[in-house]
Structures are given as C-alpha cells and as structure tokens.
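Worksheet for the structure shown next.
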Amino acid sequence: MQDPESTSFAWTIAAAWLSLAARSPARFVAQFHDAPGESSSHVVCMVDFFTMISSVIAPTAQDTLLKTDFPELELHASGKVRDVYRVGQDRLLFVATDRISAFDYVLASGIPNKGKVLTQMSLFWFNFLKNIVENHAVTARVEEYPGELRKYADQLRGRSMLVVRAEMLPVECVARGYISGSAWKEYRATEAVCGIKLPSGLRESDKLPEPIFTPSTKAVTGHDENISYQEMERIVGAGPSAKLRDLTLKIYLAAAEYAARHGIIIADTKFEFGQTDKGIVLADEVLTPDSSRFWPADQYQPGQAQSSFDKQYVRDYLEEVRWNKLPPAPALPSEVVSKTSAKYVDAYRKLTGRELEV
Ligand code: Q0Z
C-alpha cells in the first residue's frame, strides 16, 4: 500500500511538470537537455508532443485558416502564405491564409487573424496611396464577388480581395530607408548596395541619408537576388525602369513618413507592379509585415539587428528549441501563437487607427 500523503505529493509534482510542459514545451524539454548545438530529433519530437498537449489543454484556441479549398477554381499561384485563384479571364482572387513562415519554412501552426491583417493592411495602403499610384484591387466585399464565390463567403470574408489580372513586371521593386538584411551584408562586403555607393561608417540598421531603390529578381532557388539598375533596364527596359524606380521611392517615402508618425519604422519594403489597361499598377500585397521590415520605433537601436515587430516571439521560440531549420518545421506553443497574433492585430491598429474586422 502506498502512503496517501506521498501519493498526493507525487501527483502534485507531476501536475507541476505537466503544467510547465503545457505552458512552455521548450523550457520543459530543456530540463532534460542542455547539450550545446542543435536539438536531436527525439528532443524535437518531445517538444512537438508537449506542444500538442498544450494545444489540447489551452482553453481558448482560436481558429485559423491554413489551407484554402475551392475545388472548382483554378489555382493561379500559391506562396508560403497566400493562394491566388483565377476568376474568369481577367480577375484573380487573392486569399491570405493564417500560415506563417520563419527561417524560410512554413510552420505547422497558424496565427489567428494574420491573413485578415495582411489583407486589410494592403487595402488600407491601396487607399492611402491612390493619389500616387493606381492599384490592382477591385473589391474586398464578398457581396460584390461573382456568384460562383458566394458559397465560400465564410472562408473569404476579411482575408480576400478580387483583383485585376495584370501582366506582371518580372522585377521586385525594393525601397530601403535603413540598412538591414541582404543590403547590410552587401554593404559590409563592398560599401555599395545594388551598385549604389553608400557613405562609409554605416552601422547595421542605420537610417540611410535618403531612401534607395534596390531591385531584385526571383532566382531559380526561389530566393530574391539583388540586381543593379542597369540589369533591371535590360530586363524591363529603360522607360519602365525609371517609372518603377520613381514610383517605388515616392510610395515608400509617403508610407514611411505616415508609419513613423504612428510608431512604426518601415525599414524596407518590396513592391510588385503589373501592366493593365490603366497602365502600370501597384499589385500584390503592399506594405505588410510579410513584404516589409516593420520595427517598433520606440525600441529602435542602430548598431545591431532590430527585433521584428511581428515574428520575434516565433524566432525566439525556434532558437530556444534549437530547431535544425530543416523540414518539418515545428508547431508553436499556444502562448507564442497568441502573442504573435496580438502583434499583427496591434500593428494593424497602430497603423490604421482602426480595429481589425474579424
Ligand atoms: C502576383 C504571388 C501570391 C504567389 C501572380 N494582379 C496580378 N495579376 C497577375 N498575376 C499576379 C497579380 Cl498580383 C501575381 N503573384 C505573386 C502572389 C502567391 C505568388 F499571393 N503571382
């Protein structure tokens, strides 16, 4: 016979461990594993196991859309986060899911409301910029979508947009007001970025004397590859290149100035343009945390890498569990998911002054 007091003590200890495992799988597993280097697969397995337990225990798991499912629509393109479908001959349906990528992989967990934030933020900027540049948006009101889409209203509301199908220009138009990421790497090696000579002595994340235009192309690897302005002229022609460069810088300046007044630094951002009946239009998503580097202005500290407005909890968690950055990407504990979701919703609120429509 077990002594009842020690049995109850054992249960108390077990409950405490389980509670820690559920709240923070990474910290729980770290109790058993503190060898330096990358996690072995059984450790990753344990972390995933407790992440699963915590998602079962978590009382308020919100739903996420990870996959779109429109059986009779033709897929036009699909990315890590968004799926694009053909609607008739000259329209596309853009749907932003709640998928999130980090270190180049889509993670197993979705982020509630992320797709809605991306869509509604793009719409906000399209409207904000409409006197500078035409855009591809037709409508985001599901009631105005073609009849064939109505039965998917619940999947589409708040996270989708009907757009004009355009002839896309095969260059990514990047504007940078601060030196970070690939530009910082290039600058450290050559003191130039995309053929633009910069002043010496810049530190990582420093503000540039003026914003620069650094075009890129999708390389075969799927990664963007910086190109010089001359290379861009060879690809799309001298006339279009000058127009895209001027538009890109004008849009960036207007948006970055607005965002700065709302507590967010837009360090850099990527635009894609398309050719339509109306001429060159701003297409794809614009000025979202997925297409830009957003930094909280009150935490800006040049001389080092900045923490990300939206993905910092995710990156910190993935470093904490020492994921080897090979697929499959791990799931996230519910605390990381809900804190990250709050970051996206907060960025939307800060920028637009409005509440997200959920
Ligand atoms: C944009 C992309 C995404 C994967 C195609 N207005 C347009 N007309 C024709 N094509 C496009 C657009 Cl925006 C178009 N992409 C980039 C977006 C997923 C790839 F959501 N691809």
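Label-to-label distance for GLN155 and GLU210 is 4.8 nm, based on points extended 7 Å past Cα in the beta-carbon direction. Note on THR139 and GLU225: the model spin-label points, each 7 Å out from Cα along the C-beta direction, lie 4.3 nm apart. For the cross-link pairs LYS278/LYS343; LYS207/LYS339; LYS270/LYS325; LYS114/LYS278; LYS197/LYS350, the ones whose C-alpha atoms lie over 27 Å apart are LYS278/LYS343; LYS207/LYS339; LYS114/LYS278; LYS197/LYS350. Place a point 7 Å from the Cα of ILE132 along the Cα-to-Cβ direction; which residues of region 264-279 have their backbone N under 17 Å from it? The answer is 264-274. In this simple spin-label approximation, ARG203 and ALA342 carry label points 7 Å from Cα along the Cα→Cβ vector, and these lie 3.0 nm apart. For region 168-352, a crude dipole built from +1 on the beta carbon of Lys and Arg and -1 on the beta carbon of Asp and Glu, taken about the Cα centre, is about 160 debye to the nearest 20. Taking the Cα centre of region 63-164 as the origin and placing charges on Cβ (Lys, Arg +1; Asp, Glu -1), which of PHE124, VAL142, SER160 is farthest toward the positive end of the dipole? My answer, from the dipole projection, is PHE124.
In terms of its C-alpha gyration tensor, region 63-164 comes out oblate, because a/c is 1.5 or above while a/b does not outweigh b/c.
Among the trypsin sites (Lys or Arg not before Pro) in region 282-357, those located in a DSSP loop and surrounded by at most 16 other Cβ atoms within 10 Å of their own Cβ are LYS325, ARG354.
Given R0 = 56 Å, the distance between the Cβ atoms of ASP63 and GLU191 translates into a calculated FRET efficiency of 0.70. Packing around the peptides 227-233, 195-201, 88-94, taken as the average count of other Cβ atoms within 10 Å per residue, puts them in this order, highest first: 227-233, 88-94, 195-201. Working ranking of peptides 299-307, 110-118 by packing, defined as the average number of other Cβ atoms within 10 Å per residue, highest first, is 110-118, 299-307. 3J(HN,Hα) along region 320-334, derived from phi through the Karplus expression 6.51 cos²θ - 1.76 cosθ + 1.60 where θ = phi - 60°, amounts to 4, 7, 6, 4, 6, 6, 10, x, x, 6, x, 7, 10, x, 4 Hz, with x in place of Gly and Pro. If only the Cβ of Lys and Arg carry +1 and only the Cβ of Asp and Glu carry -1, the dipole of region 154-268 around its Cα centre is close to 220 debye. Computed extension length for ASP316-LYS80: 82.9 nm, one decimal, from 0.36 nm per residue of separation with the Cα-Cα distance subtracted.
Every number in this text was worked out from the coordinates using simple rules, so none of it is lab data. Treat the numbers as computed from the prediction; the structure is a model and nothing was measured. Note: ideal-geometry Cβ built from the backbone for every residue, glycine included; neighbour counts use all protein chains shown.
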